[in-house]
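Novice: Pasting a structure here, questions to come.
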Amino acid sequence: MVVVSPSPLRGFLGQDMKAYETSSMMHTLSPDTYGYVQICHYRDWLPNLTLYKVVLKGRLWLEALEAHKRTGQPIDHFLPHM
């Protein structure tokens, strides 16, 4: 899952989220070939995962990003690993 807008995607104090690259704390993967931030949504793809769950994780990540912007806490603080 990638975040295409806004571009560049900013975090706490306006930091470009691409700078985190692959980060467990921020639940991100290296930017895609177009330079967009990739959200790490699940460790492994299992038969019980649905598109709904992936989209839900994306929404939760975006909400955690807003909390990160306000507090400076890593996304990991607001969003557990799945």
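Novice: Of the residues in the range 33-47, how many are surrounded by 13 or more Cβ atoms within 10 Å (Cβ to Cβ), in contact with a strand residue (DSSP E or B) (Cβ under 9 Å, 6 or more places away or on another chain) and either hydroxyl-bearing (Ser, Thr, Tyr) or part of a loop (DSSP other than H, G, I, E, B) (or both)?
Specialist: 2
Novice: Please determine, by comparing only the residues of the range 51-80 that are open to solvent by less than 50 Å² (accessible area, probe 1.4 Å) and within 14 Å of GLN15 (Cβ to Cβ), which one is farthest from the chain's Cα centre (by Cα).
Specialist: GLY72
Novice: Can you tell me how many residues in the range 9-32 are in a loop (DSSP other than H, G, I, E, B), of a type in the set (D, E, K, R) and within 11 Å of the chain's Cα centre (by Cα)?
Specialist: 1
Novice: Something else: When you scan the range 48-66, do you find a residue that is outside any helix (DSSP H, G or I) and not polar (S, T, N, Q), even just one?
Specialist: As a first pass, look at the range 48-66 and keep what is outside any helix (DSSP H, G or I): 48-50.
Going one step further and asking which of them are not polar (S, T, N, Q), we end up with 49.
Within the range 48-66, one or more residues are outside any helix (DSSP H, G or I) and not polar (S, T, N, Q).
Novice: Restricting the search to the range 1-32, which residues are out of contact with any helix residue (DSSP H, G or I) (no Cβ under 7 Å at 6 or more places or on another chain), hydrophobic (A, V, I, L, M, F, W, C) and surrounded by 16 or more Cβ atoms within 10 Å (Cβ to Cβ)?
Specialist: Result: VAL3, MET17, LEU29.
The values are calculated or read from the model by the stated rules, or taken from the named source; none is laboratory data. Being a predicted model, the structure only gives us computed values, none of them experimental. Because the Cβ atoms are built from the backbone with ideal geometry, glycine has one as well, and the counts that use them run over all protein chains shown. Remember, those area values only see protein heavy atoms, side chains included, never the ligands or the DNA or RNA. Shrake-Rupley method; radii C 1.70, N 1.55, O 1.52, S 1.80 Å.
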